[in-house]
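Below is one structure, written out as structure tokens; the observations come after it.
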Amino acid sequence: MFAGDQNGLQGDPRLKAISEAIRVVPHFPKPGIMFQDITTLLLDPKAFKDTVDIFVDRYRDMGISVVAGVEARGFLFGPSIALAIGAKFVPLRKPRKLPGIGLLPRCAAGEVISESYVLEYGKDCLEMHVGAVQPGERALVIDDLVATGGTLSAAIRLLERAGAHVVECACVVGLREVKGQHGLNGKPLYILVEPRQQINCSAPSVNGVETCRHDDLILGASFGSPLNATSTSD
């Protein structure tokens, strides 16, 4: 579901402002990639606050006790959302980032559980501390962008192994190429904005940094693009 399709948010100027605050970097980190750089969103206090506020308004009355952020950019939005709705924040980390005991492998020490997922050119995994989530807790998964849905699917499996009920996944940016939108273990996906392929490289600079921003935007509609519009999340 896109926020722009939701009653009360159709035509909401905050969504356009959020999209316009996201820099698009063509052919980064490799040719053919249209990188969605949310660091420029963080430089805009109003757009950043609007992003958090929209998520908070959606989730404050859903009984969510866990906001799980996917490393790394899920950490930028998750804690603020968690504080505002009275939930705890649980970081879902990449391998070997969470501390262990002595010389024992962390999983053998019973400290973390992990869930692997497939990337285009290999595998990766997410890890979570044992005991961070209790059986029966209601969880929200947050990340900046979803491209294939693989990372979100791994996050869902990880939380469900701990006995949590995943209420929804939420991302700032979602793309037409996301085949996982309707296949995240049956969990709904909530997305704020969807960028189109057009970019404006003559946009004003942000703090002296030249940017390429979304020039044309459809909120909550699919589109065609010759480039892969993505960040390093998937």
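The values are calculated or read from the model by the stated rules, or taken from the named source; none is laboratory data. On a predicted model such as this, the values are computed, not experimentally measured, just so you know. Neighbour counts run over all protein chains shown; Cβ positions are idealised from the backbone, glycine included.
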Next item on the list: Enumerate the pairs (first residue in the range 59-87 and of a type in the set (Lys, Arg); second residue anywhere and in a helix (DSSP H, G or I)) with beta-carbon separation below 6 Å, excluding pairs fewer than 6 apart on the same chain, so at least 6 apart or on different chains.
Entry: Arg60/Ile85
Next item on the list: Tell me, please, whether a residue that is in a helix (DSSP H, G or I), modelled with pLDDT under 90 and in contact with an Asp or Glu (Cβ under 8 Å, 6 or more places away or on another chain) can be found in the range 2-19.
Entry: yes
Note to self: Residues to consider are Val146, Val173; find the one that is touching a Pro at 6+ places or on another chain (Cβ under 7 Å) and buried (at least 23 other Cβ atoms within 10 Å of the Cβ).
What the structure shows: Val173
Check: How about the range 36-77: which of its residues are within 21 Å of Glu194 (Cβ to Cβ), part of a helix (DSSP H, G or I) and within 13 Å of the chain's Cα centre (by Cα)?
Finding: Thr51, Val52, Phe55, Gly74, Leu76, Phe77
